[in-house]
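No lab work stands behind these numbers, since they all come straight from the coordinates. In this text the structure is predicted, and so the values were computed from the model without any measurement.
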Amino acid sequence: MLMDLMFFLQTNPVTAAVKDTQLPSSYFPVGIQLLFAIGMVTLILVLTHILGPKRPTSQKLENFESGIEIHGNARQPMAIKYFLVAILFVLFDVEVIFFYPYAVNFKQLGWEGFIAVLMFVGFFLCGFYYILKKGALKWED
């Protein structure tokens, strides 16, 4: 029995294909493609640096502010509220994404899934309540 199994594994084309993919030579085309991509990127960067025009002017060397006239120093401190609101938006936006799998599979999940989503919404609302109590969304100082 053991001999039959070994013979089957040796003559099985699937087993032979798996053995062939484990050889280092099977990764040779991937290595060639990787070297070609790195070479192409390097060549393009070097050529644009050599062949590109070099005409620096005072206007070109200024900081670009999306067409808006520059006033003040760019290193001026900024209110942390902007960053806090942005982070909170990303946090709650990502949490809303987790509702999608439930919406797709709500029939298969049954009551257990419904209870899990209620717990998720409860944690979500607890976090929102905490943010409101801390005053993170108040714009006035």
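With a ≥ b ≥ c the root eigenvalues of the C-alpha gyration tensor of segment 24-98, is it rounded (a/c under 1.5), prolate (a/b larger than b/c) or oblate?
oblate
For segment 78-141, report the translational diffusion coefficient in µm²/s to the nearest whole number, using Stokes-Einstein at 37 °C, 0.692 mPa s, and a Kirkwood Rh over Cα pairs.
243 µm²/s
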